[in-house]
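Novice: Okay, handing you the structure first.
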Amino acid sequence: MHISVKEMNRVDLVEVNGRIDSSTAPELGQTLSGQIDAGTVNIVVDLSGVDYMSSAGLRELVSALKRVKNSGGDVRLCNPSERAMEVLELAGLSSIFQIFDDPVVAVGSF
Amino acid sequence: MFILTDLHIQIVMAAFAVLIGILALTALLNQPKILTVRLPANLESANTLYNYLLAFCRDLDIEEQCLFHCRLALDEACTNIVQHAYQNQASGTIKVLIRYANPTFTIVLTDYGEPRQLYASDDLAPARSLEEVSPGGLGLFLIHRVMDRVSYRSGTGANRLMMVKHCLPGHAVTPSR
């Protein structure tokens, strides 16, 4: 898994590529926590490069969402791959996140 | 009046021979394919299992959706064993059996750690709001969503999780639940 973070004015764009499972999800969690600890409350997570995501990945996303919601922020998802989207839907979480097709639109939504 | 000649008998016998040949070929093609593997109980083993599954399915006519569901269930089950049965201690092992008899996958994971409570599918419900989302139980919930039958049994020092998935051609994209 590879993660890159682009810090913008009011939003951080976190691009994730590869596989998010129980062995890699902690890295995603640490990245999101690090950004939140640094004061970011608006985060877009680009999942277009994620070819597989298990419940471990969902937990990290939900955990980050709960943290920023408490501070009036949001975690929004962008362009999830077909498999990532299916896991979100299977878990009943697709309605909990705002999901966008385009990172520009997702970032602009804040 | 019909007269049974040698030619008639030969035709009937040839038809029988063809029929028996077809039945034998069908039985041969439907022979179950089985893989058993024993892995160390760690989180990396979930991905190792996926590689085994991919190799296992290479010459099978399996739709990608079904393969994905089996991968997800294997991953979640393996993670559950590592984190809960063995509580992340590295000394445990997981025995895995994957059986495919067209069109059904049967996957059995056996561990020798702590027995745990795996809820019946009826006890699991999707979250409706962020407040309802609980970090625990999500993996088990996904297993029940993607597999057609799930059973769990503990006894004589071993815990056995069996998951069954039917991979019919044109199988519904949305798993039943």
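The values are calculated or read from the model by the stated rules, or taken from the named source; none is laboratory data. Quantities reported herein were computed from a predicted structural model and do not represent experimental measurements. As a convention, Cβ positions derive from the backbone with ideal geometry for all residues, glycine included, and neighbour counts pool all protein chains shown.
Novice: Check every one of the helices (runs of 4 or more DSSP H) wholly within segment B:1-92 and list those with 3 or more residues that are β-branched (Val, Ile, Thr) and more than 16 Å from B:Leu161 (Cβ to Cβ). I'd like the intermediate steps shown before the answer.
Specialist: Details: elements: B:6-29, B:44-57, B:64-80.
In segment B:1-92, the matching helices (runs of 4 or more DSSP H) lie at B:6-29.
Novice: Within segment B:75-103, take every residue that is touching a helix residue (DSSP H, G or I) at 6+ places or on another chain (Cβ under 7 Å) and of a type in the set (A, V, I, L, M) and give me the one that is farthest from the other protein chains (Cβ to nearest Cβ).
Specialist: Restricting to residues being touching a helix residue (DSSP H, G or I) at 6+ places or on another chain (Cβ under 7 Å) and of a type in the set (A, V, I, L, M), the top hit is B:Ile98.
Yes/no matrix, rows are residues, columns are (1) of a type in the set (A, V, I, L, M, F, W, C); (2) over 20 Å from A:Thr24 (Cα atoms); (3) more than 10 Å from chain B (Cβ to nearest Cβ); (4) touching a Pro at 6+ places or on another chain (Cβ under 9 Å):
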| residue | (1), (2), (3), (4) |
| --- | --- |
| A:Ala64 | yes, no, yes, no |
| A:Asp74 | no, yes, yes, no |
| A:Ser81 | no, no, yes, no |
| A:Ala91 | yes, no, no, yes |
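Novice: Separate question: Any chance segment A:87-95 includes a residue that's farther than 20 Å from B:Ile143 by Cα and surrounded by 18 or more Cβ atoms within 10 Å (Cβ to Cβ)?
Specialist: Scanning segment A:87-95 turns up no residue that is farther than 20 Å from B:Ile143 by Cα and surrounded by 18 or more Cβ atoms within 10 Å (Cβ to Cβ).
Novice: Give the residues of segment A:60-110 that are closer than 17 Å to B:Phe68 by Cβ and acidic (Asp, Glu), sorted by residue number.
Specialist: A:Glu82, A:Glu86, A:Glu89, listed by residue number.
Novice: Related question: Check B:Pro175 against each of (1) at pLDDT 75 or above; (2) within 15 Å of the chain's Cα centre (by Cα) and name the one condition it does not meet.
Specialist: Checking B:Pro175 against (1) at pLDDT 75 or above; (2) within 15 Å of the chain's Cα centre (by Cα), the one that fails is (1).
Novice: What residue, among those in segment B:44-66 that are within 13 Å of chain A (Cβ to nearest Cβ) and in contact (Cβ under 8 Å) with a residue 40 or more places away in the chain, is farthest from the chain's Cα centre (by Cα)? Can you show your working first?
Specialist: From segment B:44-66, those within 13 Å of chain A (Cβ to nearest Cβ) are B:44-51, B:53-54, B:64-66; that's our starting set.
Next, from what is left, pick out any that are in contact (Cβ under 8 Å) with a residue 40 or more places away in the chain: B:45, B:49, B:53, B:65-66.
Working: B:Ser45: 17, B:Leu49: 12, B:Leu53: 10, B:Gln65: 13, B:Cys66: 10 Å.
Filtering segment B:44-66 for residues that are within 13 Å of chain A (Cβ to nearest Cβ) and in contact (Cβ under 8 Å) with a residue 40 or more places away in the chain, the one farthest from the chain's Cα centre (by Cα) comes out as B:Ser45.
Novice: Considering B:Ala41, B:Ala15, B:Ala24, which residue is over 23 Å from A:Leu90 (Cβ atoms), touching a helix residue (DSSP H, G or I) at 6+ places or on another chain (Cβ under 9 Å) and not hydroxyl-bearing (Ser, Thr, Tyr)? Give the steps one after another, and end with the answer.
Specialist: Numbers: B:Ala15 fails: touching a helix residue (DSSP H, G or I) at 6+ places or on another chain (Cβ under 9 Å); B:Ala24 fails: touching a helix residue (DSSP H, G or I) at 6+ places or on another chain (Cβ under 9 Å).
None of the others qualify; the one that does is B:Ala41.
Novice: Scan segment A:30-37 and give yes if some residue there is charged (D, E, K, R) and farther than 20 Å from B:Leu74 by Cβ, otherwise no.
Specialist: Step one: filter segment A:30-37 for residues charged (D, E, K, R), giving A:37.
Retained after the next criterion (residues that are farther than 20 Å from B:Leu74 by Cβ): A:37.
Among the residues of segment A:30-37, at least one is charged (D, E, K, R) and farther than 20 Å from B:Leu74 by Cβ, which makes the answer yes.
Novice: Starting from residues that are within 14 Å of chain B (Cβ to nearest Cβ) and in a strand (DSSP E or B), keep the ones in segment A:44-59 and report whichever is nearest to B:Phe68 (Cα to Cα). Spell out the reasoning first.
Specialist: Narrowing segment A:44-59 to residues within 14 Å of chain B (Cβ to nearest Cβ): A:50-59.
Going one step further and asking which of them are in a strand (DSSP E or B), we end up with A:50-53.
Values: A:Val50: 14, A:Asp51: 11, A:Tyr52: 9, A:Met53: 11 Å.
Looking at residues that are within 14 Å of chain B (Cβ to nearest Cβ) and in a strand (DSSP E or B), I get A:Tyr52.
Novice: Right, here's the next one. Could you please give the count of residues in segment B:113-143 that are modelled with pLDDT of 90 or more, surrounded by 16 or more Cβ atoms within 10 Å (Cβ to Cβ) and more than 10 Å from chain A (Cβ to nearest Cβ)?
Specialist: The number of residues fulfilling the criteria is 1.
Novice: If A:Gly18 meets every condition in (1) assigned to a strand (DSSP E or B); (2) touching a helix residue (DSSP H, G or I) at 6+ places or on another chain (Cβ under 8 Å); (3) without any contact (Cβ under 8 Å) to a residue 40 or more places away in the chain; (4) within 14 Å of chain B (Cβ to nearest Cβ) apart from one, which number is that one?
Specialist: (2)
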